[in-house]
């Protein structure tokens with residue numbers, strides 16, 4: 001051992017390994033200039049944002065619709081279920097057709113959505129669909145049928 005604590009020749013072996021690693025790291029890829037692409041789309045996106053279900057998770061869907069763009073309008077569309085085109089793309093919904101929204105109210109602690117039917121029968125995914133469709137990133141409490149579910153924030 002040397003005074004530095006290395007065995008004789010080990011520093012040379014480390015240097016050789018570092019040199020070999022440096023030679024392999026480049027892998028022959030050379031820098032290039034900027035590669036141009038097509039221009040980004042311009043303009044507003046229109047439609048109603050809904051969260052339908054794919055593989056057991058809520059996914060954003062933009063539905064072309066003439067229905068009111070308010071949260072009540074979006075939740076009414078959600079209760080109507082996926083269109084034939086959306087179903088053909090593997091989208092489903094766990095929100096039942098009788099889950100008609102009555103009110104959406106903001107408060108300091110989040111948003112409360114009140115339905116015409118008992119919300120205790122709604123699945124966790126259905127509650128997530130509702131929370132995501134109403135507002136992403138804010139706690140949403142779902143109430144109806146004298147029941148109130150714990151607040152949920154959109155998982156997406």
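Rounded to the nearest 0.05, what FRET efficiency do residue 153 and residue 34 have when you use their Cβ-Cβ distance and R0 = 25 Å?
Efficiency, from the Cβ-Cβ distance: 0.05.
Distance between the C-alpha centers of region 126-140 and region 56-100? Whole Å please.
13 Å
Assuming R0 = 41 Å, what is the FRET efficiency of residue 42 and residue 102, from their Cβ-Cβ distance, to the nearest 0.05?
E(calc), rounded to 0.05, equals 0.60.
Based only on other Cβ atoms within 10 Å, what is the fewest-to-most ordering of 113, 49, 119?
Numbers: 113 26, 49 16, 119 22.
Lowest to highest Cβ neighbour count: 49, 119, 113.
Efficiency by 1/(1 + (r/R0)^6): what FRET value for residue 85 and residue 124, r their Cβ-Cβ distance, R0 = 35 Å, to the nearest 0.05? Don't jump to the answer; show the numbers that get you there.
Working: r = 26 Å, r/R0 = 0.76.
The pair residue 85/residue 124 has a calculated efficiency of 0.85.
Using DSSP, restrict attention to beta bridges with both residues in region 48-148 and report what percent are antiparallel, rounded to the nearest 5.
Taking every DSSP beta bridge within region 48-148, about 80 percent pair in antiparallel fashion.
Readers should treat all values here as calculations from the given coordinates under stated rules, not as data from a laboratory. As the structure is a computational prediction, the values presented were derived from the model and not from experiment. Note: ideal-geometry Cβ built from the backbone for every residue, glycine included; neighbour counts use all protein chains shown.
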